[in-house]
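Okay, so here's the structure we're looking at.
Only the coordinates and a few stated rules stand behind these numbers; no lab work does. Since the structure is predicted, the reported quantities are computational estimates derived from the model, not experimental observations. Neighbour counts run over all protein chains shown; Cβ positions are idealised from the backbone, glycine included.
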Amino acid sequence: MNVGLLGRKVGMTQIFEPDGTAIPITVLECGPCTVLQVRTAERDGYHALQLGFGDKKRKSATQAERGHARKVEAEPKKFVRELRQEAAVDGVAEGQTLTVEVFNEIAHVDVIGTSKGRGFTGVMKRHGFKGLRATHGVKRMHRHPGSSGPSADPSHTRKGILKPGQHGNTRVTVRNLKVVRVDPTNNLLLVRGAVPGANGGFLMIRQTNKV
């Protein structure tokens, strides 16, 4: 089974090792998650577990969401995602609740989330361009990208040229984060390092496939 859960980013803090070394820690509220559906190769063409995290008010849920959750006698969920599996999963049934204890034997995880959106930004902030010289004669061009395409041939900007545009608000995967602590009492998972998104953002946490 490819172990994974859904959760929420609580925030960052630090803990100290016995020798006094500070370790940056991200606290994740991980589960409990309800198994809404078990995908099978015979019926769906692939193996996966569909999980739901966080109860949604029934009046805020659509009729389809309420009906889907009702099949497993659960409340509609705020965050629903599927975790792909390489083969059929034994011991996990629809309607079952998975908790953070599934990570007890896991040393490293991948965390998938949506990065903070920073709106429309220029090339210096978006791509790290150096910019032009901010000296006499440059006028107000020192944050411009400069020339970005050829002239007569081919008379257009080639595909892949770095330009200003939307920065952030994209799916980001941070791989191979070390699991520092599992707290089943409070449904918390402590990992070393930073994860994408703002505090309170929804995340997918899965066993890493990086070796």
Select from Phe129, Ser155, Leu203 the residue farthest towards the positive end of the dipole of the chain; place +1 on Cβ of Lys and Arg, -1 on Cβ of Asp and Glu, and compute about the Cα centre. Ser155
Excluding same-chain residues fewer than 8 positions from Lys210, which lysines have a Cα within less than 26 Å of its Cα? Lys9, Lys116, Lys178
FRET efficiency for Ala87 and Lys139 from the Cβ-Cβ distance with R0 = 45 Å, rounded to 0.05, comes out at 0.10
In Å, the C-alpha Rg and Dmax of the chain are 22.7, 72
Within segment 1-40, find all residues whose amide N lies under 19 Å from a label point positioned 7 Å from the Cα of Ala107 along Cα-to-beta-carbon. 1-4
Cβ crowding within 10 Å averaged over residues, with 32-42, 55-65 ranked highest first: 32-42, 55-65
If I take R0 = 41 Å and measure r between the Cβ atoms of Glu17 and Phe129 in this structure, what FRET efficiency does the formula 1/(1 + (r/R0)^6) give, to the nearest 0.05? 0.55
Scaled by the rule-of-thumb 2.2 N^0.38 Å, the alpha carbon Rg for segment 100-211 gives a ratio of 1.60
Give the calculated FRET efficiency between Arg192 and Lys163 to the nearest 0.05, with a Förster radius of 41 Å applied to their Cβ-Cβ distance. 0.70
Could you please state, rounded to a whole Å, how far the C-alpha centre of segment 140-206 is from the C-alpha centre of segment 1-33? 20
Can you work out the base-10 log of I(q)/I(0) for segment 1-78 at q = 0.20 1/Å, using the Debye formula on its C-alpha atoms alone? -0.94
Virtual spin-label span in nm between Asp55 and Lys116, 7 Å along Cα→Cβ: 3.3
Please state the charge dipole magnitude for the chain, taken about the Cα centre, from unit charges on C-beta atoms (+1 on K and R, -1 on D and E), reported in debye and rounded to the nearest 20. 1660
For Gln85, the residues 5 or more places away or on another chain with a placed amide H closer than 5 Å to its own amide H are His47, Ala48, Leu49
Cβ charges +1 (Lys, Arg) and -1 (Asp, Glu), total dipole of segment 1-114, debye: 920
With label points built 7 Å along Cα→Cβ from the Cα atoms of Thr173 and Val72, find their separation and express it in nm. 2.2
Between Thr114, Gln14, Leu83, whose Cα lies farthest towards the positive end of the dipole of segment 1-117 when Lys and Arg beta carbons carry +1 and Asp and Glu beta carbons carry -1, centred on the Cα centre? Thr114
Helix-only [θ]222 nm of the chain, DSSP H runs n ≥ 4, -39500 (n - 2.57) each, per residue, nearest 500: -1500 deg cm²/dmol
